[in-house]
Amino acid sequence: MDIVEELLKKAKKELEKIKIQTLGIHGSMTSMGQRKTAQENAEEEVESSKTSLSKNTSELKSAIKGKFSDKLTETFEEQEQLLDNI
């Protein structure tokens, strides 16, 4: 009887280890999926922002003239470069 009980304890202990490992793997996979989704969303936002900045820059160039227009254009172009580096 003692040998059977000992073997049952060892089997239960091994099952618990396997359960814990499975939970860890599942958590890791879920985390990677969430990280990938967040990265894809960030990339889409960067592209959207770059498009918007480019559109606003060209519209401002035609609507505003002079040094102020040049400074705004320069600022928007700097912002686009920052977005390119993200």
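The values are calculated or read from the model by the stated rules, or taken from the named source; none is laboratory data. These figures come from a predicted structure and were not determined experimentally. Cβ: placed from backbone, ideal geometry, glycine included. Neighbour counts: every protein chain shown.
Brief remarks follow.
- Selection status of Thr30, surrounded by 10 or more Cβ atoms within 10 Å (Cβ to Cβ), over 20 Å from the mean Cα position of the chain (by Cα) and without any contact (Cβ under 8 Å) to a residue 60 or more places away in the chain: no
- Condition met for Ser69 (more than 16 Å from the chain's Cα centre (by Cα), surrounded by 11 or more Cβ atoms within 10 Å (Cβ to Cβ) and among the polar types (S, T, N, Q)): yes
- Test: residue in region 65-77 that is in a helix (DSSP H, G or I), among the β-branched types (Val, Ile, Thr) and at pLDDT 90 or above: no
- Residue within region 52-64 that is among the aliphatic types (A, V, I, L, M), surrounded by 10 or more Cβ atoms within 10 Å (Cβ to Cβ) and touching a Ser or Thr at 6+ places or on another chain (Cβ under 7 Å) present: yes
- Test: Lys36 is more than 27 Å from the chain's Cα centre (by Cα) and either surrounded by fewer than 11 Cβ atoms within 10 Å (Cβ to Cβ) or in contact (Cβ under 8 Å) with a residue 60 or more places away in the chain (or both): no
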